[in-house]
Amino acid sequence: MSIIGIILIGLVVGLIARFLKPGNDSMGWIMTILIGIGGAIAATYGGQALGIYQPGQAAGFIGAVIGAVVLLIVYGAVKKG
């Protein structure tokens with residue numbers, strides 16, 4: 001996948017994660033993209049390593065959103081602390 005594709009998927013995943021997580025997440029577009037990309041990478045490698053899903057399955061996108069929500073929670077805890 002190209003860099004542009006990764007950035008766009010990261011943006012979409014990050015926006016969905018920010019929408020699903022309650023509370024105020026005051027961060028810009030770049031941080032949203034980075035959180036989305038981080039969640040996608042963590043979910044992709046973690047889910048495939050555990051055998052939860054195979055490459056190209058829709059569960060990978062759902063896992064990426066869940067991973068991004070977890071990263072948002074961690075980011076919020078680190079930012080406050």
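Laboratory data are not the source of any read-out in this text; all were calculated from the coordinates shown. Because the structure is predicted, anything quoted here is derived from the model rather than measured. Cβ sites come from the backbone with ideal geometry, for glycine too, and all protein chains shown count toward neighbours.
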Next on the checklist: Based only on other Cβ atoms within 10 Å, what is the fewest-to-most ordering of Tyr53, Tyr45?
Outcome noted: Tyr45, Tyr53
Checklist entry - Roughly how tilted is helix 58-80, in degrees to the nearest 10 and between 0 and 90, from the longest Cα axis of the chain? => result 30 degrees
Next on the checklist: Output the 0 to 90 degree angle, nearest 10, between the alpha-carbon long axis of helix 29-49 and the longest principal axis computed from the alpha carbons of the chain.
Outcome noted: 40 degrees
Checklist entry - Helix-derived [θ] at 222 nm for the chain: sum -39500 (n - 2.57) over DSSP H runs of at least 4, divide by residue count, nearest 500? => result -26500 deg cm²/dmol
Item to check | J(HN,Hα) series, the stretch 8-18, from Karplus relation 6.51 cos²θ - 1.76 cosθ + 1.60, nearest Hz, glycine and proline x | outcome: 5, 5, x, 5, 5, 5, x, 5, 5, 5, 5
Checklist entry - Of the listed peptides 27-34, 9-16, what is their order by residue-averaged count of other C-beta atoms within 10 Å, with the highest listed first? => result 9-16, 27-34
Next on the checklist: Give me the percent relative contact order of the chain, please, defined on Cα pairs under 8 angstrom at least 6 residues apart.
Outcome noted: 34 percent
Item to check | the chain: mean projected area of Cα convex hull, nm² | outcome: 5.4 nm²
